[in-house]
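Shown next, in structure tokens, is the structure this report addresses.
The values are calculated or read from the model by the stated rules, or taken from the named source; none is laboratory data. Quick caveat: nothing in here was measured; it's all calculated off a predicted structure. Glycine also receives a Cβ, built like all others from the backbone with ideal geometry; neighbour counts cover every protein chain displayed.
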């Protein structure tokens, strides 16, 4: 079952939901808004496994690596849009469940045909036992 986020009806001070907050970042002299989304608990994902996370009409795949780090990519294979959360995780790779294409989930790099388009990756951070993704 996928984990989903939904807008909170009540949140932190100022009405900002605790699951979503923004920070200013400077990139090439421009100010951009980074939005961090509370995706799941670290305990929700076994080591060398993946879960599906849906947010605002988008699907993400969140991975727990063998070195206890967390990564996030688009949740659908670039070949035929199959949910990667149903795939097999081996070390730092995810194998698509439909045609066995393989990606490195740390970089999004397509490693084995039939996939030839890289996955989009997202920054992650862990705070207080929760995994956040930057969207």
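Quick notes
- Some residue of the range 51-58 being under 21 Å from residue 123 (Cβ atoms) and in contact with a helix residue (DSSP H, G or I) (Cβ under 7 Å, 6 or more places away or on another chain): yes
- Of the residues making up the range 98-135, those that are touching a helix residue (DSSP H, G or I) at 6+ places or on another chain (Cβ under 9 Å), assigned to a loop (DSSP other than H, G, I, E, B) and modelled with pLDDT of 95 or more are 105, 119, 129.
- Residues in the range 118-129 that are surrounded by fewer than 16 Cβ atoms within 10 Å (Cβ to Cβ), touching a strand residue (DSSP E or B) at 6+ places or on another chain (Cβ under 8 Å) and closer than 19 Å to residue 38 by Cβ: 123, 125, 126, 129.
- Test: residue 69 is in contact with a helix residue (DSSP H, G or I) (Cβ under 6 Å, 6 or more places away or on another chain) and either under 12 Å from residue 48 (Cα atoms) or crowded, with 23+ Cβ neighbours inside 10 Å (or both): no
- Per-region count, the range 83-97, residues out of contact with any helix residue (DSSP H, G or I) (no Cβ under 6 Å at 6 or more places or on another chain) and surrounded by fewer than 16 Cβ atoms within 10 Å (Cβ to Cβ): 4
- Of all the numbered requirements in (1) without any contact (Cβ under 8 Å) to a residue 40 or more places away in the chain; (2) under 18 Å from residue 51 (Cβ atoms); (3) buried (at least 17 other Cβ atoms within 10 Å of the Cβ), residue 115 misses one, and that requirement is (2).
- Hits in the range 74-94 (condition: farther than 20 Å from residue 54 by Cβ and touching a residue at least 12 places away in the same chain (Cβ under 8 Å)): 79, 90, 91, 92, 93
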